[in-house]
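In what follows, a single structure is set out as structure tokens and then discussed.
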Amino acid sequence: MSPNITEAAEAFSRHQFDETYPLILDEAEWTLVGEEPIRGKSDIVEACEESARDLRDVETTFTRFKVITTDDCVVIDSQAKYVGDDGASSHVASCDIYEFIDGNIAAITSYNVEVPPGPSVS
């Protein structure tokens with residue numbers, strides 16, 4: 001059974017990319033604001049695999065994870081703390097906007113910014 005759109009968006013935003021691959025449309029586009037868009041399923045999967053490799057030895061703790069779902073759109077507002085195996089850490093605030101067509105991911109827009117450490121804003 002395929003995940004619903006909320007489950008799919010949550011999995012992608014939590015870096016559980018492989019769970020979402022079957023739902024990404026061939027012509028999907030991922031816009032990481034401030035960078036060139038990633039166009040097409042194969043390029044999106046490649047970017048996800050690279051990110052997964054980069055995060056392999058990183059402990060990720062979400063301090064905020066708010067989800068808003070409509071009929072064909074999911075918005076996830078999150079903050080995460082990333083700690084590498086060398087002890088270096090960073091804190092990132094993100095907003096991911098997912099657009100779906102017939103339950104499949106058609107577009108993702110991601111806003112990401114490094115923020116100072118501290119409690120998340122509720």
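Screening G34 against (1) surrounded by fewer than 12 Cβ atoms within 10 Å (Cβ to Cβ); (2) in a strand (DSSP E or B) leaves a single unmet condition, (2).
Checked against (1) of a type in the set (S, T, N, Q); (2) farther than 18 Å from Q16 by Cβ; (3) not in a strand (DSSP E or B), T109 passes all but condition (3). Of everything listed in (1) surrounded by 14 or more Cβ atoms within 10 Å (Cβ to Cβ); (2) at pLDDT below 95, the single unmet condition for G84 is (1).
Of all the criteria given as (1) farther than 23 Å from V113 by Cβ; (2) modelled with pLDDT of 95 or more; (3) surrounded by 13 or more Cβ atoms within 10 Å (Cβ to Cβ); (4) not β-branched (V, I, T), the one not satisfied by P3 is (2). Looking across the range 61-70, just one residue is farther than 19 Å from E114 by Cα and either touching an Asp or Glu at 6+ places or on another chain (Cβ under 7 Å) or part of a helix (DSSP H, G or I) (or both), and that is V67.
A quick yes/no check of all residues on (1) aliphatic (A, V, I, L, M); (2) at pLDDT 95 or above:
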position	(1), (2)
V33	yes, yes
C73	no, yes
Y98	no, yes
V115	yes, no
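Evaluating D57 against the criteria (1) in contact with an Asp or Glu (Cβ under 7 Å, 6 or more places away or on another chain); (2) within 17 Å of F17 (Cβ to Cβ); (3) at pLDDT 95 or above leaves one unmet condition, (3). Condition first: touching a strand residue (DSSP E or B) at 6+ places or on another chain (Cβ under 8 Å) and assigned to a helix (DSSP H, G or I). Can you find one or more residues in the range 23-31 that meet it? Yes, there is a match, as at least one residue in the range 23-31 is touching a strand residue (DSSP E or B) at 6+ places or on another chain (Cβ under 8 Å) and assigned to a helix (DSSP H, G or I). Scanning the range 38-60 for residues that are within 14 Å of the chain's Cα centre (by Cα) and either among the hydrophobic types (A, V, I, L, M, F, W, C) or part of a strand (DSSP E or B) (or both) yields a count of 8. Any residue in the range 30-56 that's within 24 Å of V83 (Cβ to Cβ): show its pairings with residues that are hydrophobic (A, V, I, L, M, F, W, C) and part of a helix (DSSP H, G or I) at Cβ separation under 7 Å, as long as the two are six or more apart or on different chains. Partner pairs satisfying both residue conditions: C48/F17; A52/F17. When the test is whether a residue is of a type in the set (S, T, Y) and modelled with pLDDT under 95, S78 does not pass it.
The values are calculated or read from the model by the stated rules, or taken from the named source; none is laboratory data. Computed from a predicted structure; not experimentally measured. Virtual Cβ from ideal backbone geometry, glycine too; neighbours counted across all protein chains shown.
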